[in-house]
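S.K.: Mind having a look at this structure? Questions to follow.
The values are calculated or read from the model by the stated rules, or taken from the named source; none is laboratory data. Everything numeric in this text was worked out from a predicted model, so none of it was measured. Quick reminder, even Gly has a Cβ in these numbers, built from the backbone with ideal geometry, and neighbours come from all protein chains shown.
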Amino acid sequence: MRILLTVNAAWNVWNFRRPIVQSMLAEGHSVSILAPSDDASPALERLGCQLLPFEMDAKGLNPLDAVKLVRRFRHHFGQARPDAILSYTIKNNIFGAMAATSMRIPFIPTVTGLGTAFLSGNLLQTVATQLYRPAFRSLDTVFFQNPDDRNEFLKHRLVSETQARLLPGSGIDLAHFLQTQFPDEAKPPIFLMVARLLRDKGTYEFVEAARQIKTVRSDARFQLLGALDSENRTAIGAPEVEAWVAQGVVEYLGQVDDVRPHVAAASCVVLPSYREGAPRTLIEAASMARPVIATDVPGCRSVVDRDVSGFLCEVRNPDSLAAAMQRFLELPHAVKIEMGLAGRAKMEREFDQSIVVSAYRQAIGAAVQAM
């Protein structure tokens, strides 16, 4: 079959959808990627994908964009002539669904998180709701990466019970993110936050909690690993990060191609995000047998077994985060190791990438047959 994936950035496919792409290619299907080009594009082409450059503004949700975007999606879908389309990210999901439905092409969107549309207030949420409902009405399957997002869509009647299906995020390659030995007890504890440096990821809360912990554990280290994303409306600027480093509060590790050495060196991986779909960084950390601390919000809570594989704290509350960090520091070394092993076991049970690949394979088969 000819499978087309559409998303708002090529790096999104390379970082999060690669197992799906590799599986489709291994089965002999052709795979095209309709997305804005970026640094990940050459790697996807080397993998065997055809890149179809698609310029779009990933920010905002202006209904006036609808006609223009739908027309452009129709043009590209008509040229590619796919047997089925997999879609990710809000604009591709909404406007791509409208285009594909009008052309009778099977379209399977994945809601990877509600994001700004549901975090920014009633007006944007109302706009998103009014666009999602007609776009998704006639689709056979809509995938969600956590039960909270699925329930939110059901509550607003954006999808039906028969449409909505759950996935364990994008899945994890357990052979790539192997269980690693826990750091030696004699070494200073390291709290690692892996995320784009955005306000909505809880970066400020992480830094403030670090300040608090350092007053009682001066040897504790706090590391930030992730891109400075100036395009995002909640981005944190480089001067502010440099000031935190100069003050000795955090270490900034920049952006890396392989996070595994940094996760392996960490005692605990932290994500104080305001909301997630299925947080990749927590899944990777748990797969490598690292305890995690995350906010008790949609997405994060689905990945953590509370007080078993990690701790949950209150969102937007650095005091609560600091208390969870202090609680972790007071655990016996053997218990920290057990907590990490519990996370690895959860990933093996629930988040193996084979589960995700199988779900997409079944959905594509059913959708194509229904046509």
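S.K.: Condition first: among the β-branched types (Val, Ile, Thr), under 30 Å from Glu27 (Cα atoms) and touching a residue at least 12 places away in the same chain (Cβ under 8 Å). Can you find one or more residues in the stretch 358-368 that meet it?
M.R.: Checked against the condition, which is being among the β-branched types (Val, Ile, Thr), under 30 Å from Glu27 (Cα atoms) and touching a residue at least 12 places away in the same chain (Cβ under 8 Å), the stretch 358-368 yields at least one hit.
S.K.: Test Ala285 against the stated conditions and say whether it is in contact with a Lys or Arg (Cβ under 6 Å, 6 or more places away or on another chain) and at pLDDT 95 or above.
M.R.: Numbers: in contact with a Lys or Arg (Cβ under 6 Å, 6 or more places away or on another chain): no; at pLDDT 95 or above: yes.
No: the conditions fail for Ala285.
S.K.: Let me ask something additional. Hey, any hits in the stretch 274-281 for a residue that's assigned to a helix (DSSP H, G or I) and crowded, with 22+ Cβ neighbours inside 10 Å? Step through it out loud before you land on a result.
M.R.: From the stretch 274-281, those assigned to a helix (DSSP H, G or I) are 280-281; that's our starting set.
Applying the additional criterion that residues be crowded, with 22+ Cβ neighbours inside 10 Å yields 281.
Within the stretch 274-281, one or more residues are assigned to a helix (DSSP H, G or I) and crowded, with 22+ Cβ neighbours inside 10 Å.
S.K.: Residues being in contact with a Lys or Arg (Cβ under 7 Å, 6 or more places away or on another chain), in a loop (DSSP other than H, G, I, E, B) and at negative phi: count how many of those fall in the stretch 62-101.
M.R.: Total satisfying the criteria: 2.
S.K.: Further question on the same structure: Is there a residue in the stretch 149-169 that is farther than 30 Å from Ala246 by Cα, surrounded by fewer than 17 Cβ atoms within 10 Å (Cβ to Cβ) and not assigned by TED's automatic domain parsing to the domain that holds Arg133?
M.R.: No: the stretch 149-169 contains no residue that is farther than 30 Å from Ala246 by Cα, surrounded by fewer than 17 Cβ atoms within 10 Å (Cβ to Cβ) and not assigned by TED's automatic domain parsing to the domain that holds Arg133.
S.K.: A further question follows. Do the conditions hold for Leu321, that is, is it part of a loop (DSSP other than H, G, I, E, B), assigned by TED's automatic domain parsing to the domain that holds Pro279, among the hydrophobic types (A, V, I, L, M, F, W, C) and within 23 Å of Ala265 (Cβ to Cβ)? Can you show your working first?
M.R.: Working: part of a loop (DSSP other than H, G, I, E, B): no; assigned by TED's automatic domain parsing to the domain that holds Pro279: yes; among the hydrophobic types (A, V, I, L, M, F, W, C): yes; within 23 Å of Ala265 (Cβ to Cβ): yes.
Spelling it out, it is not the case that Leu321 is part of a loop (DSSP other than H, G, I, E, B), assigned by TED's automatic domain parsing to the domain that holds Pro279, among the hydrophobic types (A, V, I, L, M, F, W, C) and within 23 Å of Ala265 (Cβ to Cβ).
S.K.: Residues to consider are Arg327, Arg316, Arg290, Arg301; find the one that is in the same structural domain as Pro272 (by TED's automatic domain parsing), surrounded by fewer than 21 Cβ atoms within 10 Å (Cβ to Cβ) and assigned to a loop (DSSP other than H, G, I, E, B).
M.R.: Details: Arg327 fails: assigned to a loop (DSSP other than H, G, I, E, B); Arg290 fails: surrounded by fewer than 21 Cβ atoms within 10 Å (Cβ to Cβ); Arg301 fails: assigned to a loop (DSSP other than H, G, I, E, B).
Among Arg327, Arg316, Arg290, Arg301, only Arg316 is in the same structural domain as Pro272 (by TED's automatic domain parsing), surrounded by fewer than 21 Cβ atoms within 10 Å (Cβ to Cβ) and assigned to a loop (DSSP other than H, G, I, E, B).
S.K.: Let me ask you something else. How many residues does the stretch 142-155 hold that are in contact with a Lys or Arg (Cβ under 9 Å, 6 or more places away or on another chain) and either hydrophobic (A, V, I, L, M, F, W, C) or more than 13 Å from Leu114 (Cα to Cα) (or both)?
M.R.: So the count comes out to 3.
S.K.: Moving to a separate point now. Name the residues in the stretch 1-40 that are among the β-branched types (Val, Ile, Thr) and assigned to a loop (DSSP other than H, G, I, E, B), would you?
M.R.: Here is the first cut: in the stretch 1-40, the ones among the β-branched types (Val, Ile, Thr) are 3, 6-7, 13, 20-21, 31, 33.
Result: Val7, single match.
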